[in-house]
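Structure record follows, encoded as structure tokens.
None of the figures in this text is laboratory data; all of them are computed from the coordinates on show. The model shown is predicted, which means the values in this text are computed figures rather than measured ones. Here the Cβ is made from the backbone with ideal geometry for all residues, glycine too, and neighbour counts use every protein chain on show.
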Amino acid sequence: MVRETRYEDQTVSIGSLTLESGNDLHDVKLAYERVGPRDAPVILVCHALTGNQYTVGHEEEGWWKGLVGSGSYIDTAAFQVITFNVLGGCNGSTGPQSINPVTKRRYQADFPFVSVRDMVHSQKKALEKLGIHQLHAVIGGSLGGMQVLEWGLLYPDWMTHLIPLAVTPTLNAYGIAYNAISRYAITNDPNWEEGYYSSDHTPTSGLATARMIGMISYRTDEMFHEKFGRSRKGASHENHKEPKYNVESYLHYQGNKLVGRFDANSYLYLLKAMDNHDISEGRGDLNFVNKRMKANVLAIGFKGDLIYPPEELEKLFYHGSSSQFYLVDTKFGHDGFLVEFEKWGPHIKEKILITNKIEGVK
């Protein structure tokens, strides 16, 4: 059966939202991308720390193009794929850059802290506003994977499949340590101004440094050695700021690239949400938490992931009767969920088609 594929790039208002902290957010909006036939089963994609709602993309390529799209492993000719910019983000959803309806000024550092569970609650309200009350699958990696796990626990009857990637039940001390250094870099930037910086003088140096720190943790030492080694740019030995080695140039590029598209306050709020996330909090023994999930689970870990060790994800679903774990052999480490789709995309395709509810798809 051939369906007409549609593309939608919109914002949905969900009204007020009471956060886990007890604070109320008013006039909450979530920006979203929606791709695929409107009568097709819905797959919700949850993005990572510096991601956004543009999974597929329209005029520019989306961040998961190759995994999601027409004819891809998650086929937008057979499914409609929805991605929300997370609550607290900076791509159109309510976050630190938004106007506080009470003060009529930007929230900035007055924005209340949000949790991963808050993100999921807001997405659920947004889906209901869009007339969607059932999901075929929920998928995401890293911070997106945290959301996937919470979806399975907060709303276990809402989906058929859960596909958490490159994630663990809680962020360990190693991951928190990297985030702590990133926070230090941002909050000690001369332009930080306690979070109330002007749009003309943002903490660009701190944010760029935070991104550089993150990039080191996302890849393996093997990948860095293979890609860069000790190759040089021919820069001066005397200049402390000019990159001499290609690996330095790469990190500078990645840091400066993020500064052009991301807000420092949002970066800090999302880091804190990751630090605080623990799926066992308020739920008891972690060994029994996964039994609350009713969906079929395909958990995917990536070899060499420093901040989300794959063995922790495997352990979470080890005794699940309707769960599977797959380890991807890769040199990319944590960033494996953004590349080499040919290694793990087929497992996802098989999983989301396994119920035989999707007709006419090969």
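Convert 37 °C to kelvin, take the viscosity as 0.692 mPa s, use the Kirkwood radius over C-alpha pairs of the chain as Rh, and evaluate the Stokes-Einstein diffusion coefficient in µm²/s, rounded to a whole number. Don't skip to the answer; put the middle values down first.
Values: Rh = 21.1 Å.
Estimated diffusion coefficient is 155 µm²/s.
Which FRET efficiency value, to the nearest 0.05, is calculated for residue 26 and residue 130 with the Förster distance at 25 angstrom and r the Cβ-Cβ distance?
On the way: r = 20 Å, r/R0 = 0.81.
Result of the calculation: an efficiency of 0.75.
Grab segment 175-274 and count how many Lys pairs have their alpha-carbon atoms under 18 Å apart, sequence gap of 8 or more, or different chains. Walk me through the intermediate numbers first.
Details: 227/244; 233/241; 233/244; 241/257.
Count of close lysine pairs: 4.
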In whole Å, how far is the Cα centre of segment 182-231 from that of segment 38-70? 26 Å
If you bin every alpha carbon distance in segment 1-49 into 10 Å steps from zero, what whole percent lands in each bin? 20, 36, 30, 12, 2
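Apply the Kirkwood formula to segment 175-274: the hydrodynamic radius equals the inverse of the mean of 1/r over all pairs of different alpha-carbon atoms; give it in Å with one decimal.
On the way: mean 1/r = 0.0688 Å⁻¹.
Final number for the Kirkwood radius of segment 175-274 is 14.5 Å.
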Please tell me the relative contact order of the chain in percent, rounded to the nearest whole number, where contacts are Cα pairs under 8 Å and at least six residues apart. 17 percent
Residue of 218, 267, 174 that the Gaussian network model of the chain assigns the largest fluctuation, springs spanning Cα pairs under 10 Å: 174
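Treating the beta-carbon of each Lys and Arg as +1 and of each Asp and Glu as -1, no other charges, what is the dipole magnitude of segment 175-274 about its Cα centre, to the nearest 20 debye? Kindly include the intermediate steps, with their values, before the conclusion.
On the way: 12 positive and 11 negative charges, 73 e Å.
With Lys and Arg at +1 and Asp and Glu at -1, about 340 debye.
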